[in-house]
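The values are calculated or read from the model by the stated rules, or taken from the named source; none is laboratory data. What you are looking at is a predicted structure, and each value in this text was computed from that prediction instead of being measured. Because the Cβ atoms are built from the backbone with ideal geometry, glycine has one as well, and the counts that use them run over all protein chains shown.
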Amino acid sequence: MKKIILITFLTICFAKAQSIRTFNFVADTDDASIIGEVFNDFHGKYKKKSGGVILQRVRFLNDVTHRVLYYGDPENWGMKEKVPQEAWSNYINRMRIHRNPGKGSYTAKSMYWKGGDREKYNVGRQWLFKAKDPSKYAAAYVKFAKAIEPIIGERMMGVGKIEMGDLNGATHYTVFYGENMQDLDIMADKIRASKAYQEFVKTNGGSEILVSYMVRDLIRL
C-alpha cells in the first residue's frame, strides 16, 4: 500500500512539474551592471509563454558569480512572440562579451514548490545532493515542508530532480529562501529544532550533500 501511495504521489508531482534550466557564469564587478541591463532589455521585451526567467547573484560556489535561471511548463516553453534572429544573436553576443562560462549548470524538474513573498525573501540557500531512495525522499520532503509552514511563513522552499549537468553525481536539489543570510541562519536553527525535521531525517531514506551555496534574485521577469 505504501508503495502505491508513493507512486501516486510522484505521478502527481511530475505531472505538474516545471522544467528548470540554470546557466552559471563568471563576471567581473564592472561587467555585472551591464549584464543586468542587457538581460533586462531582452527579457523585459520578449516574455515567456509560461514561467519566467531570473538573473541571480551566486556566492560560495567556486568562481561562479551569477546564473540565469529559466523555469516553465515544458509543454508551453519558449517566448510568446517569435524572437527575430537578429535580436537573439545580439542578446547572446552582448552577454558573451561581459561573462565567461561557469561550472555547475544543470537542468532539472521541480517536484515540489512552496510559494511565498519573493519580493521580501529573495536570498536562497541551495543544496545539491545524492538521494539514496528518491521516492522516500520526495514523500518525506513534502510532508516535512507542509509541517513547518507555520514556522517559515511566507518564505519559499522546494525540491527537484536533476536531469542533466556535471554535478559530481548529484541527483536532486533543495532550496530555501529567506530575507538575508542572517535570516537563513536563524530559520535553519528553528527548523532543525522542530519535531518535523527530526521525522524528516528518519524517513527520507538517506542522502549525501555534495555542495551548498547562496543565490540572490537580481532581476525577475
Being under 30 Å from ASP185 (Cα atoms) and at pLDDT 95 or above is true for just one of ASP117, ASP63. Which residue is that? ASP117
Quick one: which strands (runs of 3 or more DSSP E) lie wholly within the range 7-126 and hold at least 3 residues that are among the polar types (S, T, N, Q)? 19-26
Given (1) at pLDDT 95 or above; (2) surrounded by 15 or more Cβ atoms within 10 Å (Cβ to Cβ); (3) not acidic (Asp, Glu); (4) not in a strand (DSSP E or B), identify the lone condition not met by VAL159. (4)
The residue that is modelled with the lowest pLDDT, considering only those in the range 162-208 that are farther than 17 Å from VAL123 by Cβ and among the aliphatic types (A, V, I, L, M), is LEU167
Pairs only if they're at least six apart or on different chains, beta carbon under 7 angstrom, first in the range 158-172 and closer than 10 Å to LEU128 by Cβ, second among the aromatic types (Phe, Trp, Tyr) and in a strand (DSSP E or B); list them, first residue then second. ILE162/TYR106; ILE162/TYR173; GLY165/TYR106; LEU167/TYR106; ALA170/PHE129; HIS172/PHE129
The range 187-211 residues that are without any contact (Cβ under 8 Å) to a residue 60 or more places away in the chain, paired with ones that are assigned to a helix (DSSP H, G or I) and basic (Lys, Arg) (beta carbon under 6 Å, 6 or more apart): none
Of the residues that make up the range 96-109, is at least one modelled with pLDDT of 95 or more and farther than 22 Å from GLY169 by Cβ? no
A careful count of residues in the range 53-104 that are closer than 23 Å to ARG216 by Cα, polar (S, T, N, Q) and in contact with a Gly (Cβ under 9 Å, 6 or more places away or on another chain) gives 3
Filter the range 173-197 down to residues that are touching a Phe, Trp or Tyr at 6+ places or on another chain (Cβ under 6 Å) and either assigned to a strand (DSSP E or B) or not assigned by TED's automatic domain parsing to the domain that holds LYS130 (or both), then give me how many there are. 3
